[in-house]
Amino acid sequence: MRIAIPAEDDKGLESSVSGHFGRARYFVFVDVENNEIKGAEVVKVPFEEHGPGDLPHFVREHGGEVVLAYGMGQRAIGFFNQLGIEVVTGAYGPVKDVVKAFIEQVLEVDPYWKEKIEREKEREGHCKH
């Protein structure tokens with residue numbers, strides 16, 4: 001299984017899950033066999049700006065079968081699902097810990113990620129004036 005995680009930087013398993021799926025500059029692709037991490041590859045997102053479906057296709061091109069992300073819009077989730085890629089939202093923390101917890105089926109997700117992202121968007125909107 002190959003798991004794709006949007007990351008805050010290019011430190012691989014030591015990176016943290018990006019709080020903004022669509023703004024992540026890097027993805028960590030983690031290879032899992034027999035419930036063990038066998039390897040990780042950091043891939044820089046190849047486009048500055050993207051349209052609907054670009055990131056799901058990017059993940060598929062790199063063999064991603066599951067995406068562990070913090071926040072993601074319904075449209076993006078729909079694109080992933082159409083490509084046969086499973087999406088788990090609300091994931092946070094170091095990539096290595098998130099993947100291990102997912103493998104062991106004990107991943108704790110933030111059930112309030114949508115509300116937190118909406119509040120952040122509101123704050124960003126107020127800051128620009």
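Checking each residue in segment 51-78 for being in contact with a Pro (Cβ under 7 Å, 6 or more places away or on another chain) and modelled with pLDDT under 95 picks out 75, 76. Residues being in a loop (DSSP other than H, G, I, E, B), of a type in the set (D, E, K, R) and over 14 Å from residue 4 (Cβ atoms) are entirely absent from segment 74-94.
For segment 16-69, the set of residues classified as assigned to a loop (DSSP other than H, G, I, E, B), polar (S, T, N, Q) and within 15 Å of residue 91 (Cα to Cα) consists of 18 only. When segment 36-62 is limited to residues that are touching a residue at least 12 places away in the same chain (Cβ under 8 Å) and loosely packed, with under 11 Cβ neighbours inside 10 Å, the one that is farthest from residue 106 (Cα to Cα) turns out to be 46. Is it true that residue 99 is assigned to a helix (DSSP H, G or I) and of a type in the set (Val, Ile, Thr)? For residue 99, the condition - assigned to a helix (DSSP H, G or I) and of a type in the set (Val, Ile, Thr) - is met.
The values are calculated or read from the model by the stated rules, or taken from the named source; none is laboratory data. All figures in this text were calculated on a predicted structure; none of them were measured in a lab. Glycine also receives a Cβ, built like all others from the backbone with ideal geometry; neighbour counts cover every protein chain displayed.
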